[in-house]
1. What are the principal axis extents of the Cα atoms in the chain, in Å, biggest first?
2. Taking R0 as 30 Å, what FRET efficiency do you get between Gln228 and Asp122 from their Cβ-Cβ distance, rounded to the nearest 0.05?
3. Quickly estimate the mean residue ellipticity at 222 nm for the chain, helices only: each DSSP H run with n ≥ 4 gives -39500 (n - 2.57), and the total goes over all residues, rounded to 500.
4. Which residue, Leu137, Leu231, Leu61, has the most motion in a Gaussian network model of the chain that connects Cα atoms within less than 10 Å?
5. Can you tell me what share of the DSSP beta bridges in the stretch 11-262 is antiparallel? A percent to the nearest 5 is fine.
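Computed from the coordinates by the stated procedures, all read-outs in this text should not be read as laboratory data. Since we're looking at a predicted model, the values are computed, not measured. Note: ideal-geometry Cβ built from the backbone for every residue, glycine included; neighbour counts use all protein chains shown.
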Amino acid sequence: MTVASGTGGAARGGAFTFDAGVALVAGGSGGIGAAIVRALAAAGTDVLFTYNRNQAVAQALVQAAGASGPKVECVQLALDDSAAVTAGVAAARTRFGRIHSVIYAAGPHTPINFVGGLTEKDWVETFRLDTHACFNLVHAVLPVLKEQRGGSITAVTTTQYARHVPMSVMSSAPKAAIESMLQVTAREYGRYGVRANALRSGWLAGGKFADGIGGQVADKAVAAIVAQIPLGKLGAPEDVADAAVFLCSQQARYITGEALSVDGGWKL
């Protein structure tokens, strides 16, 4: 386990306040995850984020996000390894004393195809690297949040769960399972002060969509998508990040079991 650290700082921002402790961001080296790390640090809370293979990107993010004052650290972690995730959460608690928020912003490269064109490997691997990875994280943090009598869990999902798109089942189905898990978690653990919410990301001009999802989406298709968005444009990872900061903050202390869409109205 490799850890990199930035500078230290307070746990309070101008617009938002946070409980004591650290925000743990899973998948912080990705487009949306990195935006969430930057936004949380700018809001005034310490951040620990995980990465899988993008060490250089993670190290650069530590230096950039940590320059604003709060402590920003990163750790290499394979989220599909349940034992490693449990150990990583325990180490985070030992390092920071308390975890006030957990954000799942990870996910694999998803194949785009009709249901009949997908392979069993496509289905199993995507669920393993997304739904199961998120379960590993939630399963590991719940005892910690329960014991400390409070905390927030947020998972970045997709607005495609609300408005289904042909050839997108590998994006929507794993996230649908994650949302169901979070809603049950909200019902079960609310008595301990634990909140659980989903953040449905729309079409963004960054993250996985920056390169047309690995070249799988043509420019013409992107234009067609934009034409269906009431606000008339793609979003940005920062739009999702701002919503994530809110859900982690004390200003969202009475919100749980919800799915907040950040999609420019696309689902309408």
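1. 48, 36, 33
2. Working: r = 26 Å, r/R0 = 0.87.
E between Gln228 and Asp122, to the nearest 0.05, is 0.70.
3. So the calculated ellipticity at 222 nm is -13000 deg cm²/dmol.
4. Leu231
5. Bridges in the stretch 11-262 that DSSP calls antiparallel: roughly 5 percent.
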